[in-house]
Amino acid sequence: MNFSKQNQKTYTVEEAKRALENYCIYQDRCHKEVEEKLFKMGMIPQACEVVMLHLMEHNFLNEERFAKSFARGKFRIKKYGKVRITQELKFRNISDYNIKTALKEIDEEEYTNMFYKLVHQKWENTKESNFYKKKKKVADFLLRKGYESNLIYAALNDFNT
(Lines give C-alpha, C1' and ligand atoms only; values in the text may rest on other atoms or scores of the structure.)
Protein backbone atom coordinates (compact mmCIF):
# COMPACT_ATOMS: atom_id res chain seq x y z
CA MET A 1 0.00 0.00 0.00
CA ASN A 2 1.34 3.44 -0.97
CA PHE A 3 1.27 5.87 1.98
CA SER A 4 3.16 8.70 0.29
CA LYS A 5 -0.03 10.39 -1.01
CA GLN A 6 -1.83 10.05 2.33
CA ASN A 7 0.95 11.67 4.35
CA GLN A 8 1.61 14.42 1.81
CA LYS A 9 0.92 17.98 2.97
CA THR A 10 -1.97 19.62 1.13
CA TYR A 11 -1.75 23.21 -0.10
CA THR A 12 -4.34 25.86 -0.80
CA VAL A 13 -3.86 27.92 -3.94
CA GLU A 14 -2.63 30.86 -1.83
CA GLU A 15 -0.15 28.66 0.08
CA ALA A 16 1.10 27.23 -3.22
CA LYS A 17 1.52 30.76 -4.63
CA ARG A 18 3.62 31.84 -1.63
CA ALA A 19 5.70 28.64 -1.67
CA LEU A 20 6.42 28.96 -5.38
CA GLU A 21 7.15 32.68 -5.13
CA ASN A 22 9.91 31.79 -2.67
CA TYR A 23 11.03 28.92 -4.91
CA CYS A 24 11.36 31.33 -7.86
CA ILE A 25 12.99 34.09 -5.79
CA TYR A 26 15.76 31.74 -4.66
CA GLN A 27 16.91 31.29 -8.27
CA ASP A 28 15.46 31.78 -11.74
CA ARG A 29 13.28 28.82 -12.74
CA CYS A 30 11.85 27.60 -16.02
CA HIS A 31 8.20 26.67 -16.49
CA LYS A 32 9.05 22.96 -16.50
CA GLU A 33 10.69 23.12 -13.04
CA VAL A 34 7.73 25.01 -11.58
CA GLU A 35 5.23 22.57 -13.13
CA GLU A 36 7.18 19.62 -11.65
CA LYS A 37 7.18 21.31 -8.25
CA LEU A 38 3.40 21.87 -8.44
CA PHE A 39 2.90 18.23 -9.42
CA LYS A 40 4.99 17.10 -6.41
CA MET A 41 2.86 19.34 -4.21
CA GLY A 42 -0.20 17.40 -5.40
CA MET A 43 -1.94 20.39 -6.98
CA ILE A 44 -4.81 19.80 -9.42
CA PRO A 45 -4.35 21.10 -13.03
CA GLN A 46 -6.75 24.04 -12.59
CA ALA A 47 -4.87 25.22 -9.48
CA CYS A 48 -1.55 24.78 -11.31
CA GLU A 49 -2.77 27.10 -14.07
CA VAL A 50 -3.83 29.75 -11.54
CA VAL A 51 -0.47 29.58 -9.74
CA MET A 52 1.57 29.63 -12.98
CA LEU A 53 -0.40 32.63 -14.26
CA HIS A 54 0.13 34.45 -10.95
CA LEU A 55 3.90 33.79 -11.08
CA MET A 56 4.17 35.06 -14.66
CA GLU A 57 2.00 38.15 -14.05
CA HIS A 58 4.11 39.16 -11.05
CA ASN A 59 7.40 38.42 -12.87
CA PHE A 60 8.48 35.60 -10.57
CA LEU A 61 8.57 33.34 -13.62
CA ASN A 62 10.19 34.71 -16.77
CA GLU A 63 11.49 32.23 -19.31
CA GLU A 64 13.69 34.73 -21.19
CA ARG A 65 15.36 35.85 -17.96
CA PHE A 66 15.83 32.19 -16.95
CA ALA A 67 17.41 31.29 -20.31
CA LYS A 68 19.82 34.25 -20.17
CA SER A 69 20.99 33.58 -16.61
CA PHE A 70 21.23 29.83 -17.32
CA ALA A 71 23.43 30.43 -20.39
CA ARG A 72 25.69 32.91 -18.58
CA GLY A 73 26.05 30.67 -15.55
CA LYS A 74 26.72 27.43 -17.39
CA PHE A 75 29.28 29.14 -19.62
CA ARG A 76 31.14 31.03 -16.89
CA ILE A 77 30.96 28.47 -14.09
CA LYS A 78 30.85 25.07 -15.81
CA LYS A 79 32.56 26.27 -19.02
CA TYR A 80 29.89 24.71 -21.24
CA GLY A 81 29.89 25.38 -24.98
CA LYS A 82 26.94 26.67 -26.97
CA VAL A 83 25.89 23.20 -28.17
CA ARG A 84 25.55 21.88 -24.61
CA ILE A 85 23.78 25.02 -23.40
CA THR A 86 21.31 24.75 -26.30
CA GLN A 87 20.65 21.07 -25.53
CA GLU A 88 20.13 21.79 -21.83
CA LEU A 89 17.68 24.62 -22.60
CA LYS A 90 15.77 22.48 -25.12
CA PHE A 91 15.52 19.76 -22.45
CA ARG A 92 13.80 22.37 -20.27
CA ASN A 93 11.31 23.19 -23.08
CA ILE A 94 12.68 26.69 -23.68
CA SER A 95 11.59 28.25 -27.00
CA ASP A 96 14.06 28.62 -29.87
CA TYR A 97 13.66 32.40 -29.69
CA ASN A 98 14.67 32.45 -26.00
CA ILE A 99 17.58 30.07 -26.68
CA LYS A 100 18.93 32.41 -29.39
CA THR A 101 18.49 35.40 -27.07
CA ALA A 102 20.29 33.55 -24.27
CA LEU A 103 23.25 32.61 -26.47
CA LYS A 104 23.71 36.31 -27.33
CA GLU A 105 24.57 36.80 -23.64
CA ILE A 106 27.88 35.01 -24.26
CA ASP A 107 30.55 37.35 -25.62
CA GLU A 108 32.22 35.83 -28.72
CA GLU A 109 35.74 36.85 -27.69
CA GLU A 110 35.25 35.48 -24.16
CA TYR A 111 33.84 32.26 -25.68
CA THR A 112 36.83 31.81 -27.98
CA ASN A 113 39.31 32.56 -25.20
CA MET A 114 37.62 30.09 -22.86
CA PHE A 115 37.61 27.43 -25.59
CA TYR A 116 41.35 27.73 -26.33
CA LYS A 117 42.17 27.86 -22.62
CA LEU A 118 40.26 24.58 -22.14
CA VAL A 119 41.98 23.00 -25.17
CA HIS A 120 45.45 23.81 -23.83
CA GLN A 121 44.62 22.83 -20.23
CA LYS A 122 43.18 19.48 -21.29
CA TRP A 123 46.07 18.85 -23.70
CA GLU A 124 48.65 19.48 -20.96
CA ASN A 125 46.78 17.42 -18.35
CA THR A 126 46.04 14.39 -20.56
CA LYS A 127 48.59 11.69 -19.84
CA GLU A 128 48.61 9.64 -23.01
CA SER A 129 51.75 8.73 -24.95
CA ASN A 130 49.95 7.90 -28.22
CA PHE A 131 49.39 11.22 -30.02
CA TYR A 132 46.17 10.11 -31.75
CA LYS A 133 44.63 8.68 -28.58
CA LYS A 134 45.51 11.89 -26.75
CA LYS A 135 43.90 13.94 -29.52
CA LYS A 136 40.75 11.80 -29.30
CA LYS A 137 40.55 12.13 -25.50
CA VAL A 138 40.83 15.91 -25.72
CA ALA A 139 38.26 16.07 -28.55
CA ASP A 140 35.81 13.86 -26.62
CA PHE A 141 36.18 16.07 -23.54
CA LEU A 142 35.45 19.22 -25.55
CA LEU A 143 32.48 17.59 -27.31
CA ARG A 144 31.01 16.62 -23.91
CA LYS A 145 31.48 20.22 -22.78
CA GLY A 146 29.39 21.25 -25.77
CA TYR A 147 31.81 23.00 -28.08
CA GLU A 148 31.31 22.94 -31.82
CA SER A 149 33.12 20.08 -33.59
CA ASN A 150 34.54 22.33 -36.33
CA LEU A 151 36.21 24.51 -33.64
CA ILE A 152 37.55 21.44 -31.84
CA TYR A 153 39.11 19.80 -34.86
CA ALA A 154 40.56 23.08 -36.13
CA ALA A 155 42.19 23.70 -32.73
CA LEU A 156 43.52 20.14 -32.42
CA ASN A 157 45.02 20.26 -35.91
CA ASP A 158 47.33 23.02 -34.59
CA PHE A 159 49.10 20.41 -32.42
CA ASN A 160 51.90 18.60 -34.22
CA THR A 161 52.77 14.91 -33.95
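The values are calculated or read from the model by the stated rules, or taken from the named source; none is laboratory data. Computed from a predicted structure; not experimentally measured. Virtual Cβ from ideal backbone geometry, glycine too; neighbours counted across all protein chains shown.
For the range 121-159, give me the residue count where each residue is farther than 24 Å from GLU109 by Cβ and outside any helix (DSSP H, G or I).
Filtering the range 121-159 down to residues farther than 24 Å from GLU109 by Cβ leaves 125-137, 140.
Now drop any that are not outside any helix (DSSP H, G or I), which leaves 126-130.
Of the residues in the range 121-159, 5 are farther than 24 Å from GLU109 by Cβ and outside any helix (DSSP H, G or I).
Using the structure shown, decide if LEU103 is in contact with a Lys or Arg (Cβ under 6 Å, 6 or more places away or on another chain), at pLDDT 95 or above and crowded, with 16+ Cβ neighbours inside 10 Å. Before the answer, list the steps.
On the way: in contact with a Lys or Arg (Cβ under 6 Å, 6 or more places away or on another chain): yes; at pLDDT 95 or above: yes; crowded, with 16+ Cβ neighbours inside 10 Å: yes.
For LEU103, the condition - in contact with a Lys or Arg (Cβ under 6 Å, 6 or more places away or on another chain), at pLDDT 95 or above and crowded, with 16+ Cβ neighbours inside 10 Å - is met.
If a residue must be buried (at least 16 other Cβ atoms within 10 Å of the Cβ) and charged (D, E, K, R), how many such residues does the range 106-136 contain? The total comes to 3.
Quick check, is VAL51 β-branched (Val, Ile, Thr) and buried (at least 18 other Cβ atoms within 10 Å of the Cβ)? First the steps, then the outcome.
Values: β-branched (Val, Ile, Thr): yes; buried (at least 18 other Cβ atoms within 10 Å of the Cβ): yes.
Yes: the conditions hold for VAL51.
Every condition in (1) in a helix (DSSP H, G or I); (2) surrounded by fewer than 14 Cβ atoms within 10 Å (Cβ to Cβ) holds for LYS78 except the one numbered (1).
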